[in-house]
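Here you go, one structure.
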Amino acid sequence: MPFALFLLGVAVFAQGTSEFMLSGLVPDIARDLGVSVPSAGALTSAFAVGMVAGAPLMAGLARRWSRRGALLGFLAVFLAGHVVGAVTDSFTVLVATRVVGALANAGFLAVALVTAVGMVGPEAGGRATSTLLGGVTLACVVGVPAGALLGQLWGWRAAFWAVALLSLPAVVAVARSVPAGAADSGRPSLRAELRSLRNPRLRVALLLGALVNAATFCTFTYLAPLVTQVTGLGSGWVPVVLALFGAGSFLGVAVGGRLADRRPGAVLTGGGGALCLGWAAFALAAGTPAVALGLILVQGALSFGVGSTLISQALRTASDAPTLSGGFATAAFNVGAALGPWLGGTAIGAGLGYRSPVWVSAALVAVALLTAGLAARRNRRAPGCRTRASWPA
């Protein structure tokens, strides 16, 4: 893999830390700003909504700029949004900064995904995607637990300042690693790229990605209250739990990336089934610390292994949309990131307890499996389509 690809991962690490760190800060934010835990959890949904809206919009806007110019511009806005978020006393302003930061993050990730695949070619697109997303999983392993620890020691605002500081070396890394140059005038028109959404295989891949990511964020957003209120662990265990999930996600991306270019169907079918069963097992065993901790590691691996493979397959299917393909994938996965916390918060708000988001996660993956099965059945009936059943890939 080109060294510049790893440097792009540095920026993704800073942004991934911001996106995921609220999982360890939700109770403190709720207490400090005088809102409920589900309301504070909606900050994750607000970020995801910004990612959904921003991915195609920012990717389309970035067509006018060089890739380095676009990446640097998005990083600058992202950094500024976190400075404002760190100093505000208004929950409304904090929500707004999350949306603005998400728009910038969406634009950066959409451009970075296309840039990453362009560096290696489509035959190694799965590995390139997983390498870039390694920054996200590293954020789960290091950034999110560190953010939770900072929140416990100095308050949740310290975590926002830390993300702003992390973004500074990311700016330097992008400025030095991504070649300068004018915008590519040889790209297809925006209308031509949008027409790629007519491809039913692409639509199914994006839908599956949204469902799997919704399941991931539904539980991940409420891990802190789950392990303290249900598992019975002290608040000092929250960074450890988040690190376990992150370690699993790093393993899942590493293994999934190597298999995504060779056997994507096997990864998605086997991993999807195991993911559904794992969420159900976690819901049942959440009160047993040793089992719960082990399942958190496993579910992190399965969630990101399946998720990163779906991203690479979406990018491959949308090969005729070289600018917007990254935006399509980013938007779909953040539809899930917005839907998951909302569904989990709704279940908690209905009085179903902190186990309920885990059951919702199991149901979401079950819907994804059913959708994949129906799509495979339709493909078998279509003339000229392959007959082996698998997730659309």
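Of all residues in the range 63-79, how many are basic (Lys, Arg) and under 18 Å from ALA14 (Cα atoms)?
The qualifying residues number 1.
Out of the residues in the range 84-128 meeting the condition of being under 15 Å from VAL163 (Cβ atoms) and open to solvent by 50 Å² or more (accessible area, probe 1.4 Å), tell me which one is modelled with the highest pLDDT.
Out of the qualifying residues, it is VAL84.
Mind counting the residues in the range 129-163 that are under 10 Å from VAL253 (Cα atoms) and modelled with pLDDT of 75 or more?
0
With the structure loaded, tell me whether GLY232 is surrounded by fewer than 19 Cβ atoms within 10 Å (Cβ to Cβ), closer than 25 Å to VAL142 by Cβ and at pLDDT 85 or above or whether it fails that test.
no
Within the range 346-377, count every residue that is modelled with pLDDT of 90 or more and open to solvent by less than 40 Å² (accessible area, probe 1.4 Å).
Residues flagged as modelled with pLDDT of 90 or more and open to solvent by less than 40 Å² (accessible area, probe 1.4 Å) within the range 346-377 amount to 12.
Here's another thing I want to ask about it. Working carefully through the options ALA40, ALA70, ALA53, find the one that is more than 18 Å from ASP89 (Cβ to Cβ) and buried (at least 22 other Cβ atoms within 10 Å of the Cβ).
That would be ALA70, the only listed residue that is more than 18 Å from ASP89 (Cβ to Cβ) and buried (at least 22 other Cβ atoms within 10 Å of the Cβ).
How many of the residues making up the range 164-200 are modelled with pLDDT under 70 and part of a loop (DSSP other than H, G, I, E, B)?
Selection size over the range 164-200: 11.
Given the range 15-87, what helices (runs of 4 or more DSSP H) lie entirely inside it while holding 1 or more residues that are charged (D, E, K, R) and either closer than 30 Å to GLY234 by Cα or free of Cβ contacts under 8 Å to residues at least 60 places away in the same chain (or both)?
Ranges flagged: 26-33.
The values are calculated or read from the model by the stated rules, or taken from the named source; none is laboratory data. Quick caveat: nothing in here was measured; it's all calculated off a predicted structure. Ideal geometry is used to build each Cβ from the backbone, glycine not excepted, and the neighbour counts take in all protein chains shown. To get the accessible areas, we keep the full protein, side chains included, count just its heavy atoms, and leave off ligands, DNA and RNA. Shrake-Rupley method; radii C 1.70, N 1.55, O 1.52, S 1.80 Å.
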